[in-house]
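Heads up, the thing below is written out as structure tokens.
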Amino acid sequence: MRPTLTAPAVSPSDWMSAIDGNRLLSALTLPGSHDTCAYTVDDRLARTQQATLDAQLHHGVRVLDIRCRNEYDRFVIHHGGIPLGLTFDDVVRTCGQFLARHPGESIVMSVKDEWPARNCTRTFAATFEWYVAQHAHVRWHLAPELPLLQAVRGSIVLLQRFTSEKPLGIDLTAWPDNATFDIDNVPAPLTIQDEFRVPVPASIDYKWRAIDSLLDLAPGLCGERWVINFCSGTGMAAPPVVVALGDTQHRGIHERLVEQLAARSEPCGTMMLDFCDWKDWRLVHALIECNRRR
């Protein structure tokens, strides 16, 4: 018998095991981390997380934003032009170990070609496929359609943010800069809010309106489209930590979002967070709770 989300034994590490497998993965409320691996740098403009990838997975984060540079036919993890001291091997190994211990879960991984290639003999797509073959014990879901949860338990679902000559995961290559947009004419249509430019703390109000507007639309869209809502933002005078947590004069996104979630019973789609461990993972757990109320 599958446990329920209300069962005390279900921890954040296993919350998806309590979900009906006949539901579309995209119809769930999924906690995600923006620029997942940018916890290794101290630069206020570059750092977006405090918790490690392993900690994020064990506390319930299920959508990862992995950004790579193809260098010597291997992927190194980057934030823009900044190398983060991790490799794609590190990422896949951590995810594979987690799924082996928690086979009822699924991980969604956006893989982005983040920075120009260096000294390579093959394309980004070819290097990605090389990693899939190298880590043959890790299951990938590389189909282009919106999957049912039961089809992807124990697997990594690829969101493709790199050029490929053949279908390879869910295609997100038609991604404009700093926008709210739809991706249509693909097997898995998407609606995405990624208005990341927040030049000054006063601009947090505008960013919040972009998040809140898509939250309002999400219940009517999640059955047919994958809704991805980025809660992250940055600017020279408003680094990610200020956008997320606020300052002495401006409320951050996190406080506003946790209040909004407390009043909601509808699905929210995928919510991409900076500093997802805020207040002992309060937002991540609130997003998981949205699945319980359905």
Could you order peptides 14-24, 48-58 by the average number of other Cβ atoms within 10 Å of their residues, highest first? 48-58, 14-24
What would the Debye formula give as log10 I(q)/I(0) at q = 0.15, 0.17 Å⁻¹ for the alpha-carbon point model of the chain, no solvent? -1.20, -1.58
Before anything else, pin down the relative contact order of the chain: Cα pairs under 8 Å, at least 6 apart, normalised by residue count, whole percent. 22
Hey, for a label at H250 modelled as a point 7 Å past Cα toward Cβ, could you say which residues of segment 185-207 have their backbone N under 12 Å away? 197-207
Chymotrypsin sites (Phe, Trp or Tyr not before Pro) within segment 43-90: which are DSSP loop residues with at most 15 other Cβ atoms inside 10 Å? Y72
Dimensions in Å of segment 1-120 - Rg and Dmax from alpha carbons: 15.9, 52
Tell me which lysines have Cα within less than 18 Å of K112's Cα, excluding those fewer than 8 residues away on the same chain? K166
Estimate the FRET efficiency between Y72 and E224 by the formula 1/(1 + (r/R0)^6), using the beta-carbon distance for r and 30 Å for R0, to the nearest 0.05. 0.10
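Here, each number is a calculation from the coordinates, and none is a lab measurement. Computed from a prediction, not measured in an experiment: that's the story for all the values here. Because the Cβ atoms are built from the backbone with ideal geometry, glycine has one as well, and the counts that use them run over all protein chains shown.
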